[in-house]
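The values are calculated or read from the model by the stated rules, or taken from the named source; none is laboratory data. Quick caveat: nothing in here was measured; it's all calculated off a predicted structure. Positions of Cβ are generated from backbone atoms using ideal geometry, with glycine treated the same way; all protein chains shown enter the neighbour counts. When the accessible area is computed, the model is the full protein with side chains, heavy atoms only, and any ligands, DNA or RNA have been set aside. Shrake-Rupley method; radii C 1.70, N 1.55, O 1.52, S 1.80 Å.
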Amino acid sequence: DEKDLNLTFPENYTEELKNKDVVFTVKINEIKTRVLPELNEEFYQDLGYDDVKTEAELEKKVEEAIKTRKEAEIEDKYIEDCLSKASDNMKIEINKEILDDEVHRMIHQFEDQLKMQGLNIEQYFEFTGMTHEKLHEQMHDEAVKRVKYRYLIEAVAEAEKIEFTEKEIKAKAEEMASNYGISVDELIKAYGSLDIVKYDMQMHNALEIIKSGN
């Protein structure tokens with residue numbers, strides 16, 4: 001069967017679409033009934049919790065996951081505040097090509113977000129009346145901020161002479177590869193070279209210095 005669904009985009013949607021009416025034409029291929037699983041060890045293992053045996057232990061795991069997420073949100077806000085304060089007195093000239101590259105990177109990220117919501121960039125433009133040029137202009141200020149922050153962190157890394165030995169860089173590459181479930185060679189191929197791993201390490205340490213206020 002086919003149905004037209006008259007809906008309204010939610011309040012927490014993208015700025016141009018939130019609270020706007022929309023009609024989705026959908027085709028119903030199959031109807032399923034949700035059957036809630038029994039809370040047992042098999043279910044816990046399906047969730048990836050091999051060490052969970054009871055419902056109480058599951059609730060504790062979920063509580064820990066929520067706490068971790070909230071702490072990460074607070075940390076991100078703190079980092080943003082530190083970078084904003086530290087960059088207040090920066091006086092720099094940003095090359096237009098560098099700024100355009102950053103905007104294009106942001107647009108690609110935005111496209112990925114739209115895909116996760118079942119939309120593509122063309123549909124977004126159709127729904128909002130936005131154009132690629134307007135979107136580019138809209139993202140300009142955020143792109144300037146991101147580039148400023150990057151320059152700031154790089155300047156701190158240079159001023160503090162943050163360096164790493166080849167052994168330390170290789171160890172970090174091995175750790176990252178293990179986290180991603182790939183080999184070191186695959187990681188290096190994806191990154192282009194170990195220099196990118198070194199750069200990430202330098203930026204991380206410089207950011208810690210900015211966060212500490214020292």
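A few points about this structure:
- Loop-exposed GluC sites (Glu not before Pro) per DSSP, neighbour cap 13 Cβ within 10 angstrom, longest uninterrupted part of the chain: 94-159
- A simple rule links phi to the HN-Hα coupling: the Karplus curve 6.51 cos²θ - 1.76 cosθ + 1.60 with θ = phi - 60°, which for segment 155-164 gives 5, 5, 4, 6, 5, 8, 6, 6, 9, 9 Hz, with x for Gly and Pro.
- Charge dipole (Cα centre; +1 on Lys/Arg Cβ, -1 on Asp/Glu Cβ; no other charges) of segment 1-102 amounts to roughly 320 debye.
- Cut-off 19 Å (backbone N to label point 7 Å along Cα→Cβ of Glu160), residues of segment 68-100: 75-90
- Annotation for Lys170 and Tyr13: the two label points, set 7 Å from Cα along the Cα-Cβ direction, are 5.3 nm apart.
- Listed values for segment 23-31 are Karplus-derived 3J(HN,Hα) couplings in whole Hz (6.51 cos²θ - 1.76 cosθ + 1.60, θ = phi - 60°), namely 10, 9, 9, 10, 10, 8, 8, 7, 10, and x replaces Gly and Pro.
- Helix-only [θ]222 nm of the chain, DSSP H runs n ≥ 4, -39500 (n - 2.57) each, per residue, nearest 500: -21000 deg cm²/dmol
- Relative contact order of segment 107-214, pairs being alpha-carbon contacts under 8 Å that are 6 or more residues apart, as %: 25
- Volume per residue that the Cα convex hull of segment 134-214 spans, once the total is divided by residue count, Å³: 128
- Overall size of the chain from C-alpha positions, given as principal axis extents largest first: 64, 52, 35 Å.
- For q = 0.13, 0.19 Å⁻¹, Debye-computed log10 I/I(0) when each Cα of segment 59-127 counts as one equal scatterer: -0.74, -0.98
- With all protein chains in place and a 1.4 Å probe, the accessible surface of segment 40-98 carries 50 percent carbon and sulfur.
- 3J(HN,Hα) along segment 118-130: x, 10, 10, 5, 5, 5, 4, 4, 5, 5, 9, x, 6 Hz, from the Karplus curve 6.51 cos²θ - 1.76 cosθ + 1.60 with θ = phi - 60°, whole Hz, x for Gly and Pro.
- Counting only trypsin sites (Lys or Arg not before Pro) that DSSP places in a loop and that have at most 13 other Cβ atoms within 10 Å, the longest clean stretch of the chain runs over 92-160.
- Based on Cα atoms of segment 93-147, Rg over Rh with Rh as the Kirkwood radius reads 1.02.
- If you look at the Cα atoms of segment 1-82, you get an Rg and a Dmax of 20.2, 54 Å.
- The mean sequence distance of close C-alpha pairs (under 8 Å, at least 6 residues apart), as a share of the length of segment 27-156, puts its relative contact order at 22 percent.
- With each label modelled as a point 7 angstrom along the Cα→C-beta vector, the Glu41-His204 pair spans 3.7 nm.
- Computed over protein heavy atoms with a 1.4 Å probe, the accessible surface of the chain works out to 75 Å² per residue.
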